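Data first, discussion second: the structure below is written as C-alpha cells.
The values are calculated or read from the model by the stated rules, or taken from the named source; none is laboratory data. For clarity, every value in this text was computed on a predicted model and none was experimentally measured. Cβ atoms come from the backbone with ideal geometry, glycine included; neighbour counts cover every protein chain shown. In case anyone asks, the SASA skips ligands and DNA or RNA and just uses the protein heavy atoms, side chains included. Shrake-Rupley method; radii C 1.70, N 1.55, O 1.52, S 1.80 Å.
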Amino acid sequence: MRWLTSSLLLVVLLAGAARAAERRPNIIFMMADDQAWNGLSVAMHPELDWSKSSVVETPHLAKLATQGMRFSAAYAPASVCSPTRISLQTGRSPAALHWTKAAPAEVGHKLIEPRNVKQIDPDAVTIAELLQEAGYATAHYGKWHINGGGPAAHGYDEGDGDIGNEYAHEFGDPNPADIFGMADRAVAFMEKNQKADKPFFIQMSWHALHAPTNALKTTLAKYQQKIGGSVDDKRVGSAAIAENLDAGVGIVVDAVDRLGLTDNTFVIYMSDNGSGGGGGKGGGRRGRLAGGKGGVWEGGIRSPLIIRGPGVPANSWCHERVVGYDFYPTYCEWAGIPSSKLPRNIEGGSITGLLANGQGKVTRPRDEMVFHFPHYQGGDGPHTALMLGNLKLLKFYEDDRLALFDLPQDIQEQNDLAEDRPRDVEKLHDLMVAYLTDVNAQMPTVNPDYDPSKPPVVVREKKRGGIGNGGGSKGNKRGKPNKDRKDGGKTRPAAE
C-alpha cells in the first residue's frame, strides 16, 4: 500500500512538472518613440556615467533594471520609426523590406533617394499571427505607423487601429499622449486573459516621446524649474513626457506583479530609434553618442533595452550585440513554436541563450549586422553601416568614403581607423556589398540634374492614414479612447 501511495505521488508530481513545462510565458513588449540610449535615469553601460540621463527621472524603469537584465549593445533595426516597426513585426531588416525611411523624400540633392514601399505586405507572416496561431491572445496598443490595415489585419485580437504620430497630439493632461489610457487597456487585457487561463502577447507602442508639450502640467512645471526655460521648450517637454511615460510603464509592470504573473511574464522595454534631429557627421561629443535620428551612427540606432522575466537574473548585464528583429524568433522559442513554422527569410536570432547570465552567442543567418539608410535626413546623406565583431564600417554614398571604428574601444566613434586597417575595411566592405545585393536593397542613384546652387525640396506625399505628424491637443480623459479608436484597424487621414 505504501508503495502504491508513493507511485501515485510520483505520477502526480510528474504530471505537475509536465504542466509547468507546458506553461508558455506571457510577453509584454514596450517601445518608446525617439528615446535616446542614455535617455533614462538608469545607466545603459556599467562603465559610462553618461549612459544615463542627468536630467530625466525614470524610477519605474530603474526599478525594472534592478529586477532584470540591461543590454549595453542593443540596437533598433533602424534610425527612424516606421522601418523599425515593420522590422519588429516581420523579423527582417528594413533594407530587405525596402522600407528605410519614414519622413518624406527630398529632391535636388547630388543623389536621388529610392522610393520606399511604406506599407506592410499583406502576405507577410507577422509575429502576432504566429503567436495567435499558437494559442496566444494578442494585442497592440498605441502607434502602428505601417499602414496595411492596422493591427487587426495582422494577427492582433485587440488594438487601437491604423494610427500614427498624429494620435500623440490628441491627448493632453491628464492622459498625455494616451500613456495612461494605453496602460489601462493593457491591464484590462491581462486581467481578461488571466481569467481565461490563456497566454498573452501585448505590444505597447507608446506615442511618447512625441507631443512633449502635452505632458502633465505638474511634470512640465517640475522640469521647467529643473532645466530652466519655458514649458514650451522642447527640452522641458521631452524630459516631462519621458517621466510620464515611465509612470505608464510602472502601471503595466505593477499590474503584472499584482496579478501574480511575475514568474511567467517577460517584460521588455526599448526604443524605436535614437533621438535628435538628424544623423550629423559623427564624432560623439563628450557625454553623448555620435549622430542621432536619421543616421546610422550609434546615436541613431543604439537603444536602451531592459528585459525582466523567468530565469533572468536580477540587476544583470549583457554586452552581446542584439537587434530588434531578434525578438521574432525569441518570442517563437518562448511560445514553443517550431522553427519549421518560421518564415525562411527572417534575419534575427533567438536571444534566449543570453538571458541566463548575459553571455553566449546569438545565431543569425549572417554574422554581420547591416543598417541601411540610403536617404537624406541628417547631415551625412545616404549611408550604410555594417558591424562584425568589434568593428563597424560606415559607407557614405555621395563620395564613397569609408570609415572604420572599434566600438568597444570607441563607442563615440571619434577615431577613424580606415587608413590604418585597410584589410579590415576591404573585408567588411565586401560583406556590406554582398548583403545589400542579396536582399536587393534599394540604393541611391546619381541625380543627372543636380544643381548645387538650388536648395533641396521636400516632396510631400498624398495624405493617408497611419503615417502622420499633425493634430492638436484634446486632453481626453484617462483611458477613454477616441471615437475612432475601436478595434478593426480603421485608417485615419494624417500628414506624413
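Just to be sure, is VAL236 of a type in the set (Val, Ile, Thr), open to solvent by 10 Å² or more (accessible area, probe 1.4 Å) and either in a strand (DSSP E or B) or in contact with a Gly (Cβ under 9 Å, 6 or more places away or on another chain) (or both)?
It is false that VAL236 is of a type in the set (Val, Ile, Thr), open to solvent by 10 Å² or more (accessible area, probe 1.4 Å) and either in a strand (DSSP E or B) or in contact with a Gly (Cβ under 9 Å, 6 or more places away or on another chain) (or both).
Can you tell me how many residues in the stretch 379-404 are in a strand (DSSP E or B), open to solvent by 10 Å² or more (accessible area, probe 1.4 Å) and not aliphatic (A, V, I, L, M)?
Number of matching residues: 2.
When ALA95 is evaluated against the numbered criteria (1) in contact with a strand residue (DSSP E or B) (Cβ under 9 Å, 6 or more places away or on another chain); (2) more than 28 Å from ASN26 (Cβ to Cβ); (3) assigned to a loop (DSSP other than H, G, I, E, B), which criterion, by number, is the only one it fails?
Of (1) in contact with a strand residue (DSSP E or B) (Cβ under 9 Å, 6 or more places away or on another chain); (2) more than 28 Å from ASN26 (Cβ to Cβ); (3) assigned to a loop (DSSP other than H, G, I, E, B), only one is false for ALA95: (3).
Which numbered condition trips up GLY276, out of (1) at pLDDT 95 or above; (2) surrounded by 17 or more Cβ atoms within 10 Å (Cβ to Cβ); (3) outside any helix (DSSP H, G or I); (4) small (Gly, Ala, Ser)?
(1)
Restricting attention to the stretch 416-439, report how many residues are in contact (Cβ under 8 Å) with a residue 40 or more places away in the chain and not in a helix (DSSP H, G or I).
Qualifying residue count, the stretch 416-439: 1.
If you go through the stretch 157-204, how many residues are part of a helix (DSSP H, G or I), within 18 Å of GLU129 (Cα to Cα) and in contact with a Leu (Cβ under 6 Å, 6 or more places away or on another chain)?
Residues meeting the conditions: 0.
How do the pairs read when you match residues in the stretch 60-87 that are open to solvent by 10 Å² or more (accessible area, probe 1.4 Å) with residues anywhere that are part of a helix (DSSP H, G or I) and of a type in the set (D, E, K, R), using Cβ under 6 Å and keeping only pairs 6 or more apart or on different chains?
Listed by first residue and then by second, the contacts come to HIS60/ASP246.
Which one of SER339, SER303 is of a type in the set (Ser, Thr, Tyr) and open to solvent by 10 Å² or more (accessible area, probe 1.4 Å)?
Numbers: SER303 fails: open to solvent by 10 Å² or more (accessible area, probe 1.4 Å).
Checking each option against the conditions leaves just SER339.
Of the residues GLU113, GLU47, GLU22, only one is surrounded by fewer than 16 Cβ atoms within 10 Å (Cβ to Cβ) and at pLDDT 95 or above; which?
The conditions single out GLU47.
Tell me which residues, restricted to the stretch 320-348, are of a type in the set (A, V, I, L, M) and at positive phi.
Passing the criteria: none in range.
Give the number of residues within the stretch 125-151 that are open to solvent by less than 20 Å² (accessible area, probe 1.4 Å), assigned to a loop (DSSP other than H, G, I, E, B) and either modelled with pLDDT under 95 or under 20 Å from TYR167 (Cα atoms) (or both).
Number of matching residues: 6.
So is VAL187 more than 21 Å from GLN35 (Cα to Cα) and in contact with a helix residue (DSSP H, G or I) (Cβ under 6 Å, 6 or more places away or on another chain) or not?
Working: more than 21 Å from GLN35 (Cα to Cα): yes; in contact with a helix residue (DSSP H, G or I) (Cβ under 6 Å, 6 or more places away or on another chain): yes.
So VAL187 fits the description; yes.
Go through (1) modelled with pLDDT of 95 or more; (2) outside any helix (DSSP H, G or I); (3) among the hydrophobic types (A, V, I, L, M, F, W, C); (4) more than 27 Å from the chain's Cα centre (by Cα) one by one and return the number of the condition VAL231 breaks.
Among (1) modelled with pLDDT of 95 or more; (2) outside any helix (DSSP H, G or I); (3) among the hydrophobic types (A, V, I, L, M, F, W, C); (4) more than 27 Å from the chain's Cα centre (by Cα), the lone unmet condition for VAL231 is (1).
Please work out if GLY358 is open to solvent by less than 20 Å² (accessible area, probe 1.4 Å), farther than 26 Å from CYS318 by Cβ and not aliphatic (A, V, I, L, M).
no
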